[in-house]
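In what follows, a single structure is set out as structure tokens and then discussed.
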Amino acid sequence: MSNYILLVGPPGAGKGTQAKRLSKQLGLPHISSGDIFRENLHNETELGKLAQQYMSRGELVPDDVTIRMIAERLGRPDCADGALLDGFPRTPAQAEGLDEMLAKQGGRVNAVLYLKLSEPTLVRRLTGRWMCRAQGHIYHQEFKPPKEEGLCDIDGSDLYQRDDDRADTVRNRIRIYFEQTSPLSQHYRDRNLLMEIDGEQSIEVVTQAMISAIGQEARS
Ligand code: AMP
């Protein structure tokens, strides 16, 4: 049986951090649309150049481009039995695109973990966030500082602040989330797949809450 799990929630909710932890615990590949766009941007591909125009403003990359990119990624052998999707889908059209691509592979969305947080928490988290250049490990100047300033504890690579984590862009990303992405929660609530998780809790507690939510779904 396939196992496709979605992580949904506003920017700064901790989707990336949780996806890395869950991916290890569940043995599923972590597919982050934002990471794939950033990788393309870094490698200066055509896709990266196109995505940059939207990303720098905190806007969403058009659906057709995003859906094609994810379909290509999910079509690879490591995703044949399941994946943990982080940051995709973000619009109802993407959700439909995902249903279609999974149906072609004989799968479906099995669970949707929806992280809930207040807006002031999101702004504080995003504007203090640092990422490692090599593998995207995530730090925070206040809540999770690295042992040595500017360097990743895990792989020693440089830490950088994402361009779109500046205060003005952050507000735009949060506004766009509430306008375009939060209607998705209803899509999955209607299908009885949505599991709400309190994202204000500690990293460890949130991971545990997710694991037990998925466990309950598997048994029901
Ligand atoms: P993230 O790392 O998930 O916060 O994504 C960073 C940026 O990449 C977003 O602000 C968008 O510009 C773009 N992006 C990531 N995922 C998607 C998606 N599913 N649909 C459209 N744009 C996306």
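The values are calculated or read from the model by the stated rules, or taken from the named source; none is laboratory data. Computed from a predicted structure; not experimentally measured. Positions of Cβ are generated from backbone atoms using ideal geometry, with glycine treated the same way; all protein chains shown enter the neighbour counts. The accessibility values were calculated without ligands, DNA or RNA, using every heavy atom of the protein model including side chains. Shrake-Rupley method; radii C 1.70, N 1.55, O 1.52, S 1.80 Å.
In whole percent, what relative contact order does the chain give with Cα contacts below 8 Å and a gap of six or more residues?
On the way: 312 pairs, mean separation 63.9, N = 220.
Relative contact order for the chain comes out at 29 percent.
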Practice task
Please work out how much length the chain gains when fully extended from E119 to E179, using 0.36 nm per residue of separation minus the C-alpha to C-alpha distance, in nm with one decimal.
Solution key: 20.2 nm
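Are there any trypsin sites (Lys or Arg not before Pro) in the stretch 115-220 that are in a DSSP loop and have at most 11 other Cβ atoms within 10 Å? List them by number. If you can, show how the numbers build up before the last one.
On the way: sites: K116, R124, R125, R129, R133, K147, R162, R166, R171, R173, R175, R189, R191, R219; in loops: R133, K147, R162, R166, R191.
Hits after loop and neighbour filter: K147.
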Practice task
Evaluate the charge dipole of the chain about its Cα centre and quote only its size in Debye, nearest 20, assuming +1 on the Cβ of each Lys and Arg and -1 on the Cβ of each Asp and Glu.
Solution key: 260
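Carbon-plus-sulfur fraction of the accessible area of the stretch 1-87, 1.4 Å probe, in percent?
50
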Exercise for the section: Using θ = phi - 60° and the Karplus relation 6.51 cos²θ - 1.76 cosθ + 1.60, list the HN-Hα couplings for the stretch 64-73 in order, rounded to whole Hz, with x at every Gly or Pro. Expected result: 4, 5, 5, 5, 4, 4, 6, 4, 5, 5
Problem - For the chain, alpha-carbon Rg over 2.2 N^0.38 Å - result: 0.97
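Of all accessible surface on the stretch 92-172 at a 1.4 Å probe, what whole percent is carbon and sulfur?
Summing carbon and sulfur atoms, their accessible area is 48 percent of the total for the stretch 92-172.
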Practice task
Report the charge-dipole magnitude of the stretch 104-220 in Debye, nearest 20, computed about the Cα centre from +1 at each Lys and Arg Cβ and -1 at each Asp and Glu Cβ.
Solution key: 500
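For the stretch 104-190, which chymotrypsin sites (Phe, Trp or Tyr not before Pro) pass both filters: DSSP loop (anything but H, G, I, E, B) and at most 14 other C-beta atoms within 10 Å? Intermediate values should be presented prior to the final figure.
Details: sites: Y114, W130, Y139, F143, Y160, Y177, F178, Y188; in loops: F143.
When the chymotrypsin sites (Phe, Trp or Tyr not before Pro) of the stretch 104-190 are filtered for loop state and at most 14 Cβ neighbours within 10 Å, F143 remain.
For the stretch 31-79, calculate the relative contact order in percent as a whole number, restricting contacts to Cα pairs under 8 Å that are 6 or more residues apart.
RCO, the stretch 31-79: 22 percent.
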Exercise for the section: Set Lys and Arg Cβ to +1 and Asp and Glu Cβ to -1, take the dipole of the chain about its Cα centre, and tell me which of I5, M101, Q52 lies farthest positive. Expected result: I5
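Tell me, what is the per residue accessible area of the chain in Å², probe radius 1.4 Å?
Per-residue value: 51 Å².
Quick one: dipole size for the stretch 1-76, taken about the Cα centre, charges +1 on Lys/Arg Cβ and -1 on Asp/Glu Cβ, in debye to the nearest 20. Working shown, then result.
Numbers: 10 positive and 8 negative charges, 82 e Å.
The calculation lands at about 400 debye.
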Practice task
Using only Cα atoms, locate the centre of the stretch 137-175 and the centre of the stretch 74-134, then give the distance between them in Å, rounded to an integer.
Solution key: 20
